[in-house]
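Quick notes on the structure that follows.
The values are calculated or read from the model by the stated rules, or taken from the named source; none is laboratory data. Owing to the predicted nature of the structure, the values given are computational and were not obtained by experimental measurement. Here Cβ is always computed from backbone atoms with ideal geometry, including for glycine, and neighbour counts include all displayed protein chains.
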């Protein structure tokens, strides 16, 4: 070894450098706590020793079928152990795991499988026909050029065996049988380069063309640790899977739990399952009986808990339960109610492109003493960057100049650093746009408060422009949510003869709320808003009914916009 | 942007890649908790906003004097805020921080300063003459070729102002004045490459030639986060600096505390200060009055606490206090006593070359139910790898084959991964040896237990060979420690006419132990050991007195070996 010229000259070698990858976490968990529960699903209970062996089997079985570097393995399943295992077994083989949103329809899934060139499709027994239909669509489109992926069906003993039998009769390999073909001692290797891809996930988006977000080993490692750090999530945490694992890899908690040697409690019936919504009963029961310390949920999950019928709520909680919420900002009233029940809410924000949540409303102990309203107002902000995201700002999207930290100047939220995706798959134009000027452009609009915390005000396209003035649909929603009869609400622009656009509120009333006279309730909501908002922000129309949602629980604003369009413009009123 | 060929092809860019460095932690802490205490030292209390500004001032002031990439800044000081600041301010300027052990003598410090080509020396007022003497020695050796480093003296209002005045009269710049020359808004940049060096630390070693361990930004970032993770150390932790910051950068906790937005409580009088030992009183007082939740200490610190006079102990503890200990394995009796007092002990092990601790005896809840002795025995093991260290094994040093996990086969402890140093400065031979066969060679001997946990048995050179059989001096020490009259003990080889070598115990009796008749006490200790050890492991000689220690509290075995040599060989006894 030659003498170095200066103190920066010492070279890398096998002893002091290796690629960062969350795969290291699994190896360590199996060593540290081999007998501790890793993944629990109904009567099925795996230990970390089991999970490590099963993941190595999966990797080995894939490798033996030449699935490896450059390959994509699609997974179509709710929260069951096999999805957890795919997060390790697939990259151990060198391949990329693509968890597919199970609420998508066959044409969309066909688009994804074709776009990602999936070589293997792992599918839960109940979603077999979705996979089958999707593959048929591709086969028809591509004719002879189509190579059928390897189809693996995952049996679930908590389901009716009929769908499994049917799948097997059609030639799919059963997952457990497939694992049997792999070596439980498979000598996996970390990727040669930590920039290698580990996961692919399509934006469920409110747009028509899903984009494939590619994540790498380095980012997955760093954001997994960040997710533990900002949440105060320690070794041995017990995590309830209300959030789908297919949604941004479960916000990286799939990998975090291995780093913490924690336990995953699966909830097959999560909030976006087609068969049933996640219930407050299931959540309270897991807290009471399975030692749950942490779970994540979109605001709709919080809503479900806060509005649980007394018979379903097991209170008081046996311990502090930490709840991370993201997506849209939860209404202050929901935040306050959750705190009163004894849940500790951590409010985060992020996108598929930032490995899930990447900002956190870091709580300050001095806020504990503030009045409820003030606490909720501070808490509803999206906050500061994760430890694993090195840059976060709100900027003028044209000049890239940061907006003043005044809590009112609107700008685009931009991010940069190791917590930003590798890029969109086969989409150079989208990449060029997303990464313009050296920042990732979130497409979300927000403000920076005097304390440096950011707050999302709207998706760029969710701004309502009334008489030339911007109205934040999120702010209007917040006001509507506070009305005692409102369970859920979403506000979009509706054409307005006089003002160009005006706010139109879509509202689901609470069970038991008196909604027999919709016109009276609508009038009451408008009056309620008038006390809280500038006059031109008050919804001019209120429409009642269930809200359409994406697979991940986000309200499909584009459908509501379409409905608002059908309603036609608000007529000019005589004042 | 060209379309990628496959899913691994997306390139790095400014938006989605940046160097890992703990400097990011500081920027974030100042944003998240600007008003929270960052570093407290007697009457001095800095907030994170202060610390960030002060560190940027330091970086800017250094940069204005052309101290930057390739430069080394030496720091000679006990645990005071300036040392904390140097851990950020120096690398923000692009330079490398070298914290020097304050118990070293002038010729050794001269060697270090010359070897590291220190361009700046920051020195605490009380250690000014040490710096002065060291620089004089270099000047004499190098004659005209010597360029005097910039000398900055750090005043400490908890000290007598005389030494500060004296230093200033000799032309040194006062630290606060130096900071004034820097810009508090200095636009620091992360290193272009995370492999760039951040810190240099010389092994205090028991050998005569100190080696300069070079650490890089990437490793410092990863091991800082690891240190939080394995210890369950959360956001806002309050950390008491009993461990010197100059010792492996305070085991990376300097940087960890910024990641956690925690608070550092300085203890100027730490256990290796020349003026006084760290006292149990100071520790209990900080726990009671300053909210301390965590501290680190070599076993000697634990000893001090366990043997504290009742008047000094403030019990019961107001909260669980987490104590990390490393270095030598603490005797089981000390571990058990600490637990009884309410301290939660985490036992770790590591070297300067692994950023401080890099293995942890990960505790299993099921061990809580075991009898005290059994718990202590399990707890005294060095355990498994940190999350940030990817490889740990015990191997036959010749063949590199792992030893069987049988708890008895001795081998060398080897490590690899991102938690291993960059290398030794200007020492290609030592690097080649240390990194031979793709592993870092610790030089420590140990075993692997059936559960995969490792246990250090000895430094290679600490093995005593008696009649051709290996004796672990550590095991003998453990037995001696259990004797009720023993405060501290160290066991080395002494020449033996009959057996070649035999164990010689150096013992400090407890205050109050009846040591008036040393021969009787020695005989009693030998009898005590005979009940616990194989006959040939029993010390044939017991010598009483204080034990010589390195600046970091390690017992200087080489001095004891020299003493044992002076004693001459143990005479052949007639049996």
> With respect to the numbered conditions (1) in contact with a strand residue (DSSP E or B) (Cβ under 7 Å, 6 or more places away or on another chain); (2) surrounded by fewer than 23 Cβ atoms within 10 Å (Cβ to Cβ); (3) more than 26 Å from residue A:130 (Cβ to Cβ), which one is the sole condition not fulfilled by residue A:51?
Replying inline: (2)
>> Here are the criteria: (1) free of Cβ contacts under 8 Å to residues at least 60 places away in the same chain; (2) closer than 24 Å to residue B:65 by Cβ; (3) more than 23 Å from the chain's Cα centre (by Cα); (4) part of a helix (DSSP H, G or I). Tell me which single one residue B:143 does not satisfy.
In response: (2)
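Among the residues of the range B:222-238, which ones are assigned to a helix (DSSP H, G or I), touching a residue at least 40 places away in the same chain (Cβ under 8 Å) and within 9 Å of chain A (Cβ to nearest Cβ)?
The initial filter retains those residues of the range B:222-238 that are assigned to a helix (DSSP H, G or I), namely B:222-229.
Now drop any that are not touching a residue at least 40 places away in the same chain (Cβ under 8 Å), which leaves B:222-227, B:229.
Listed by number, the residues that qualify are B:222, B:225, B:226, B:229.
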> If you take just the strands (runs of 3 or more DSSP E) that sit entirely in the range A:283-377, which of them hold at least 1 residues that are more than 20 Å from residue A:269 (Cα to Cα)?
Replying inline: A:321-325, A:343-351, A:356-360
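Tell me, yes or no, whether the range B:479-496 has at least one residue that is outside any helix (DSSP H, G or I) and on the phi > 0 side of the Ramachandran plot. Talk me through it step by step, then tell me what you get.
Residues of the range B:479-496 outside any helix (DSSP H, G or I): B:482-496.
Now drop any that are not on the phi > 0 side of the Ramachandran plot, which leaves none.
The answer is no; no qualifying residue exists.
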> Quick check: is even one residue across the range A:121-131 assigned to a helix (DSSP H, G or I) and out of contact with any strand residue (DSSP E or B) (no Cβ under 7 Å at 6 or more places or on another chain)?
Replying inline: yes
> Picking from A:86, A:29, A:63, which residue would you name as being within 12 Å of another protein chain (Cβ to nearest Cβ) and modelled with pLDDT of 95 or more?
Replying inline: A:29
> If you take the residues of the range B:32-42 that are within 14 Å of another protein chain (Cβ to nearest Cβ) and in contact (Cβ under 8 Å) with a residue 60 or more places away in the chain, which of them is farthest from residue A:389 (Cα to Cα)?
Replying inline: B:37
>> For the range A:434-450, which positions are at the interface with chain B (Cβ under 8 Å from one of its Cβ atoms) and part of a loop (DSSP other than H, G, I, E, B)?
In response: A:435, A:439
> Does at least one position in the range A:342-360 carry a residue that is more than 23 Å from the chain's Cα centre (by Cα) and surrounded by fewer than 20 Cβ atoms within 10 Å (Cβ to Cβ)?
Replying inline: yes
>> Being in contact with a helix residue (DSSP H, G or I) (Cβ under 9 Å, 6 or more places away or on another chain), in contact (Cβ under 8 Å) with a residue 40 or more places away in the chain and not in a strand (DSSP E or B) is the filter here; which residues of the range A:108-120 pass it?
In response: A:108, A:111, A:112
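So, in the range A:408-420, of the ones that are in a loop (DSSP other than H, G, I, E, B) and at pLDDT below 95, which residue ends up nearest to residue A:213 (Cα to Cα)?
As a first pass, look at the range A:408-420 and keep what is in a loop (DSSP other than H, G, I, E, B): A:408-410, A:417-420.
Next, from what is left, pick out any that are at pLDDT below 95: A:408-410.
Numbers: A:408: 32, A:409: 30, A:410: 27 Å.
Once the filter is applied, the top-ranked residue is A:410.
Pick from A:471, A:465: which is modelled with pLDDT of 75 or more, farther than 14 Å from residue A:414 by Cα, more than 10 Å from chain B (Cβ to nearest Cβ) and surrounded by 22 or more Cβ atoms within 10 Å (Cβ to Cβ)? Before the answer, list the steps.
On the way: A:465 fails: surrounded by 22 or more Cβ atoms within 10 Å (Cβ to Cβ).
It is A:471.
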>> residue B:404 - would you say it is more than 9 Å from every other protein chain (Cβ to nearest Cβ), in a strand (DSSP E or B) and touching a residue at least 12 places away in the same chain (Cβ under 8 Å)?
In response: no
>> Quick check on residue A:454: is it surrounded by fewer than 21 Cβ atoms within 10 Å (Cβ to Cβ) and touching a strand residue (DSSP E or B) at 6+ places or on another chain (Cβ under 6 Å)?
In response: no
> Within the range B:375-387, is even one residue over 19 Å from the mean Cα position of the chain (by Cα), modelled with pLDDT of 95 or more, surrounded by fewer than 19 Cβ atoms within 10 Å (Cβ to Cβ) and more than 9 Å from every other protein chain (Cβ to nearest Cβ)?
Replying inline: no
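Taking the range A:252-275, which residues are at pLDDT below 85 and crowded, with 24+ Cβ neighbours inside 10 Å? Let's see the steps before the verdict.
Narrowing the range A:252-275 to residues at pLDDT below 85: A:269-275.
Of everything in the range A:252-275, those that are at pLDDT below 85 and crowded, with 24+ Cβ neighbours inside 10 Å turn out to be A:270, A:272.
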>> Looking at A:431, A:418, can you tell me which residue is crowded, with 16+ Cβ neighbours inside 10 Å, within 14 Å of chain B (Cβ to nearest Cβ) and without any contact (Cβ under 8 Å) to a residue 60 or more places away in the chain?
In response: A:431
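Please verify whether the range B:535-543 includes one or more residues that are closer than 30 Å to residue B:104 by Cα, touching a strand residue (DSSP E or B) at 6+ places or on another chain (Cβ under 9 Å), more than 14 Å from chain A (Cβ to nearest Cβ) and modelled with pLDDT of 90 or more.
Yes, the range B:535-543 has at least one match.
So which of B:335, B:315 is in contact (Cβ under 8 Å) with a residue 24 or more places away in the chain, farther than 23 Å from residue B:477 by Cβ and away from every other protein chain (no Cβ under 14 Å)? Talk me through it step by step, then tell me what you get.
Details: B:335 fails: farther than 23 Å from residue B:477 by Cβ.
After ruling out the rest, the residue left standing is B:315.
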>> I'm told residue B:11 meets every condition in (1) facing another protein chain (nearest Cβ under 7 Å); (2) free of Cβ contacts under 8 Å to residues at least 12 places away in the same chain except one. Can you identify the failing condition by its number?
In response: (1)
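Out of B:200, B:168, B:164, I need the residue that is under 28 Å from residue B:422 (Cβ atoms) and in contact with a strand residue (DSSP E or B) (Cβ under 8 Å, 6 or more places away or on another chain). Which one?
On the way: B:168 fails: under 28 Å from residue B:422 (Cβ atoms); B:164 fails: under 28 Å from residue B:422 (Cβ atoms).
Residue meeting the stated conditions: B:200.
Which residue, of A:531, A:497, is modelled with pLDDT under 85 and surrounded by fewer than 15 Cβ atoms within 10 Å (Cβ to Cβ)?
Working: A:531 fails: modelled with pLDDT under 85.
Just a single option satisfies the conditions, and that option is A:497.
Is at least one residue of the range A:485-500 within 23 Å of residue A:394 (Cβ to Cβ) and out of contact with any strand residue (DSSP E or B) (no Cβ under 7 Å at 6 or more places or on another chain)? Break it down into steps so the answer makes sense when it comes.
Restricting attention to the range A:485-500, the residues satisfying the condition of being within 23 Å of residue A:394 (Cβ to Cβ) are A:491, A:493.
Narrowing the set further to residues that are out of contact with any strand residue (DSSP E or B) (no Cβ under 7 Å at 6 or more places or on another chain) leaves none.
Checking the range A:485-500: not a single residue is within 23 Å of residue A:394 (Cβ to Cβ) and out of contact with any strand residue (DSSP E or B) (no Cβ under 7 Å at 6 or more places or on another chain).
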> Are any residues in the range A:116-137 under 21 Å from residue A:425 (Cα atoms) and surrounded by fewer than 19 Cβ atoms within 10 Å (Cβ to Cβ), and if so, which ones?
Replying inline: A:117
